[in-house]
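The values are calculated or read from the model by the stated rules, or taken from the named source; none is laboratory data. The model shown is predicted, which means the values in this text are computed figures rather than measured ones. All Cβ positions, glycine included, derive from the backbone under ideal geometry; neighbour counts span all protein chains shown. Accessible surface areas use protein heavy atoms only, side chains included; no ligands, DNA or RNA. Shrake-Rupley method; radii C 1.70, N 1.55, O 1.52, S 1.80 Å.
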Amino acid sequence: MEPASLVIFGITGDLSRKKLVPAIYDLAYCGQLPPEFDLVGFARDTSEVESRLRESVTEHARTPFDPAVWQALVSRLSLVKGTFDDLDAFTRLAKQLDVLDRKHGKVGNYVFYLSIPPSAFAAVCSQLAASKLHRSRRGWRRVVVEKPFGHDLSSSQELGRILEQVFDPQSIYRIDHYLGKETVQNILALRFANGLFEPLWNSKHIDHVQITMAETVGVTGRAGYYDGVGAARDVIQNHLLQLLALIAMDEPSAFDADSVAGEKIKVLSATELLHPLDQTSARGQYGSGTEHGLPVVGLTDEVGFPPDSTTETFAALTVGINTRRWAGVPFYIRTGKRLARKATEIAVTFKLPSHGTAAARTGAVPNVLVFRVQPDDGIELQIGAKRPGEGMHIQPVSLGMDFRSVFDPAPEAYERLICDVLRGDATLFPRREEVEYSWRIIDPLLQHWAQSGRPETYRAGSAGPASADWILAGSGREWRSLE
Ligand code: BG6
């Protein structure tokens, strides 16, 4: 890695304290930061930043707190106080970066991490341009942006335009932290580095696919971000459609940024909601109930949410992919907060053997291949085996592998992604087209819901709203159990 400076806008914000700075500390602990690495924080209030960051590192870092590592890191931390509309502050930032370059013999490689609301992207980008920080003939410049990338397709296109007016498209890194998870990257390894799966990976053999992201946590304390956003925009538009793309894409010619993005874009551009939407989708909002056995209030009683909030905390939908490989295979996607258990997984259900009679008589079960993203990340394959005793009675049994029992603990997603930005490897970052195709897929559903009144209330700690079951009713399929 080349020497570089990383500037975090919003260094005192939630994401920075819980994820970014702890991940940078973990990289420092593991000796994986570039040589001559400087961290620069830009914030309105720079008082006690160092002690606040130290606290978040002790609380959230993956690796143990080592005072020597921390000291080395903060000895290279500088802070610039200012607001996004203050050109003087950006001039001070430019000077500070230049001082660091001269002091440490660096050539001006800068990453600008916009850990700020998208409404502030335009102001920061134009100030970076006005202070001539966005381009350089000597070092490279990269910008990192966090979701939400817009509210719908047109606002996302507008954000893309704002960023590309200032930065070269190949220097823009859009973070989707799911792509930094080792188990998510393993989807491609398992599919393409093994001969077993790919010949069966099509509509001839696959009955349907379920993608689930269930959480037990609610949105306490997140009203400012979550109200009016909801589950579909929060995680389906990004994390879950990225999982779909990885499960459904063709094999890339190489595992590099262009080849992987090219295949994902082909899949996302061929993906569409199945209709009619009131039968193929469902949404819900958690009411009161329990979380891990303790009583919790419903969403509209959470601080910051209006009593008439229609924000959904559960969303389920069905999409199809218009390609020869996937014609007729439904992909069911669901996510929810305050559900019975935490589970992110992709379950690929195969068709029963076609020469039916023996299979039917013995009670054959469909094979199901499950990618468990978290928790207990691993792979599971359901197969049918003969139950001991008389006759030929088939019972589902499971073959499994836990990554943790085979490999050392994996780095956190943000460690991997920050490292990749510093290295200049964009393979794990969605491109603008991927983001826009994903909005194009869910926009009609968001519009449909905007005209459909309130979401159904479900009990906190349950498997979600009853209407989610209607999506599969009559198809002979069932959601995988969450209870
Ligand atoms: C974030 C969402 O992107 O992902 C949160 O905004 C969600 O609502 C989180 O809780 C889940 O991430 P993880 O890594 O815990 O599955």
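A convex hull fitted around the alpha carbon atoms of the chain yields 165 Å³ per residue.
Carbon and sulfur atoms: what percent of the 1.4 Å accessible area of the chain do they account for?
Percent of accessible area from carbon and sulfur atoms in the chain: 52.
The slack between His393 and Phe407, meaning 0.36 nm per residue of separation minus the straight C-alpha distance, is 1.4 nm. Contact order for the chain, expressed relative to its length and based on alpha carbon pairs under 8 Å spaced 6+ residues apart, stands at 17 percent.
Any idea of the accessible area per residue across the chain, 1.4 Å probe, to the nearest Å²?
Roughly 45 Å² per residue, with all protein chains present.
For the pair Thr46 and Asp278, label points projected 7 Å from Cα toward Cβ lie 5.8 nm apart. Computed over the Cα atoms of region 1-111, the ratio of the radius of gyration to the Kirkwood radius (Rg/Rh) comes to 0.95. Distance between the modelled labels on Ala364 and Phe350, one decimal in nanometres: 1.0 nm (7 Å Cα→Cβ projection). From helices alone, the chain scores -9500 deg cm²/dmol at 222 nm; the rule is -39500 (n - 2.57) for each run of n ≥ 4 DSSP H residues, then divide by the residue total. For a straight C-alpha distance cut-off of 27 angstrom, the lysines reachable from Lys147 (same-chain residues fewer than eight places away being disregarded) are Lys18, Lys19, Lys81, Lys132, Lys181, Lys264, Lys266, Lys337, Lys342.
Label sites at Lys386 and Arg76, each approximated as a point 7 angstrom past Cα along Cα to Cβ, lie 6.4 nm apart. Relative to one another, the C-alpha centroids of region 23-89 and region 383-413 are positioned 43 Å apart. Relative to a virtual label point 7 Å from the Cα of Thr58 in the Cα→beta-carbon direction, which members of region 75-112 show backbone nitrogen distances below 19 Å? Residues 75 fall inside that zone.
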